[in-house]
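The values are calculated or read from the model by the stated rules, or taken from the named source; none is laboratory data. What you see is a predicted model, and the numbers here were worked out from it, not measured in a lab. With ideal geometry, Cβ positions are generated from the backbone for all residues, glycine too; neighbour counts draw on all protein chains shown. With ligands, DNA and RNA removed, areas are computed over all heavy atoms of the protein, side chains included. Shrake-Rupley method; radii C 1.70, N 1.55, O 1.52, S 1.80 Å.
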Amino acid sequence: MLYSLVAYRTFDSNHKAQEPSRCRDSLHGHHFGVRATVAFDDLDANGMPRGSESLEEALARLIFEFDHRQLELILPTRHPATLTSIAAYLFDRLAQGFKDLESVEVSDERGLCGRVSR
Ligand SMILES: [Zn+2]
């Protein structure tokens, strides 16, 4: 049986538009939601996926770097600050500590979601 655990956090950041159909040209902000999913093969004696206790803490620490900051100053310069590129960056960072990370999804207040998975 395969188990999944999902950690969810929100943050507010700003960026310069790279999606002409969705964003204004000038510096502006969004409210983002991040959902990280990790797969587990087994449950511990407490009925929790083994190793899951630090997922929400790891996501919270990572999101703290973004909160109320300009995305272009944090993300690698090879990609513009879109929902999918934010998800890719967060996936790479979280995958360093969670080898069974399945996916990272980033949504914003406009109802679109960028998702990166293995
Ligand atoms: Zn925007």
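How would T10, T77 line up by accessible area, probe 1.4 Å, largest first?
Working: T10 65, T77 135 Å².
Highest to lowest solvent-accessible surface, that is T77, T10.
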Open item on the list: Between R50 and H28, what's the calculated FRET efficiency when r is the beta-carbon distance and R0 is 41 Å? Round to 0.05.
Closed with: 0.45
Open item on the list: Expected output is a single nm value to one decimal: the length gained when fully extending between A60 and Y8, i.e. 0.36 nm times separation in residues minus the C-alpha distance. What is it?
Closed with: 17.8 nm
Task: Separation in nanometres of the label points that stand 7 Å from Cα toward Cβ, at Q70 and Q96 - done: 2.4
Task: Simple spin-label estimate for M1 and S117 in nanometres, 7 Å along Cα-Cβ - done: 2.1
